[in-house]
Amino acid sequence: RATASPEGTWQVNERLARERAEALMAALAERVTPEQAHLEIVEETGRAGGGSLPMCDIPTFCVRMRFTAGNAQGCEEHLQRNRDVPVIGRIKRECVLFDARTITEEDIPEIACAVVSYFAAIEGRKES
């Protein structure tokens, strides 16, 4: 887990975020075809948000989904509105990013199912 020093903490979190991104990438790659989207792991920066850390950058790894079929806006809407468990990603340059720092291992199958559901919906077929 995390070490006592702030510098060491990121080293541990970086490794875990990378491993989680790789696991999500593998789950998506099993079910998403190149005709639907191109997938890759990218280094990104997240933000802590408001409050006492409004401009605090947090390094992370994301799985980036660049669309061959459909589009980022439609996918994001589907993931949030058409699922019992909403899946939250973020859009950047017409791609959906799934931030590995913000998901658990248990989230990975749900994310993969949600993405498959989106492509099934735009292709007019039932989920497989």
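The values are calculated or read from the model by the stated rules, or taken from the named source; none is laboratory data. The structure displayed is predicted, hence computed values, not measured ones. All Cβ positions, even for glycine, are placed from backbone atoms using ideal geometry, and neighbour counts span all protein chains on display. Calculation scope for accessible area: heavy atoms of the full protein, side chains included, ligands and nucleic acids excluded. Shrake-Rupley method; radii C 1.70, N 1.55, O 1.52, S 1.80 Å.
Using a 1.4 Å probe on the protein chains only, how many percent of the accessible area of the chain belongs to carbon and sulfur?
Heavy-atom surface of the chain belonging to carbon and sulfur, 1.4 Å probe: 50 percent.
Within the chain, which is the longest segment that contains none of the trypsin sites (Lys or Arg not before Pro) sitting in a DSSP loop with at most 16 other Cβ atoms within 10 Å?
Maximal segment without exposed cleavage sites: 32-82.
Under a Cβ-only charge scheme (Lys and Arg +1, Asp and Glu -1), can you give me the dipole magnitude of the chain about the Cα centre, in debye to the nearest 20?
The calculated dipole for the chain is roughly 180 debye.
Per DSSP helix of 4 or more residues, -39500 (n - 2.57); summed, then divided by the residues of the chain. What does that give at 222 nm, rounded to the nearest 500?
So the helix-based figure for the chain works out to -13500 deg cm²/dmol.
What full-extension length gain, to one decimal in nm, is calculated for Thr68 and Asp84 as 0.36 nm per residue of separation minus the Cα-Cα distance?
3.2 nm
Only one of the values (i) 75, 35, 27; (ii) 48, 28, 25; (iii) 51, 28, 26 was calculated from this structure for Cα extents along the principal axes in Å; name its label.
Answer by label: (iii).
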